[in-house]
Amino acid sequence: MTFDYKDQNWVGRYQTMGSTAEKAFLEQYPHAHRLGIDRPDFPVARLPVFYRQAPDFLLADGAYEVMGVSSRAKEPTLKVKFEKLDNLRLWDTFGDCYLWVWDSYRKRSTCERVSVWSLLLEREGTVDRFPDNQKPYWSLPIELFPENSG
């Protein structure tokens, strides 16, 4: 029996978390340098958030956080933890930082500076909490994504 990603337990989600989106990113940017942590063999919960939430990749024009969403979902939305967005804004102060979002159903990406996503999330997004740990996140419906597709 297989479950939708959202219905899997934490262990099941963690094993594939971001894999589809990161694979699509690397197909588009095969020379991207891995910057962020990629499921190491040690617990990361006690690491400082700056390391734990580092953007996934580095290209010549900046750092890239890669996230996924599926437009075939009942209510397709991007979910960005407060902690992650705060940290990406910090990275953006050191140099350009981008959020590259992959729509796995339509096979297309949307990419924009973190500062643009941040304003959009605060203006158009809603705040919700993950049911398993009550951590807050911004939720942005896919139809409100920036028009800039990458």
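Counting only DSSP beta bridges with both residues in the chain, the antiparallel share comes to about 75 percent. Taken about its Cα centre, the stretch 30-130 carries a charge dipole of about 380 debye when Lys and Arg each add +1 at the Cβ and Asp and Glu each add -1 at the Cβ. Between ASN87, TRP102, SER19, the Cα set farthest toward the positive side of the dipole of the chain (charges on each charged residue's Cβ, about the Cα centre) is that of SER19. The residues SER19, SER104, when put in order of fewest to most other Cβ atoms within 10 Å, stand as SER19, SER104.
Close Lys pairs in the chain, defined as Cα atoms under 21 Å apart and 8 or more places apart or on different chains, number 15. Counting beta carbons within 10 Å around each of ARG52, ARG129 and listing the fewest first gives the order ARG129, ARG52. With the chain treated as a Gaussian network of Cα nodes joined by springs under 10 Å, which of ASP92, ASP103, ASP41 yields the largest mean-square fluctuation? Residue with maximal mean-square fluctuation among ASP92, ASP103, ASP41: ASP41. Considering all different alpha carbon pairs of the chain, the Kirkwood hydrodynamic radius works out to 15.9 Å. Per-residue extension of 0.36 nm, minus the Cα-Cα distance of GLU143 and ARG72, leaves a gain of 24.3 nm for this segment. Residue farthest toward the positive end of the dipole of the chain, with Cβ of Lys/Arg at +1 and Asp/Glu at -1: which of GLN134, LEU119, PRO146? Checking the options against the dipole of the chain, the answer is GLN134. Multiplying each eigenvalue of the alpha-carbon gyration tensor of the stretch 16-97 by 5 and taking the square root yields semi-axes of 20, 17, 15 Å, largest first, rounded to whole angstroms. Sorted fewest first by neighbouring Cβ atoms within 10 angstrom, ASP56, ASP61 come out as ASP61, ASP56.
We did not get these values from a lab; they are worked out from the coordinates using the rules stated. These figures come from a predicted structure and were not determined experimentally. Because the Cβ atoms are built from the backbone with ideal geometry, glycine has one as well, and the counts that use them run over all protein chains shown.
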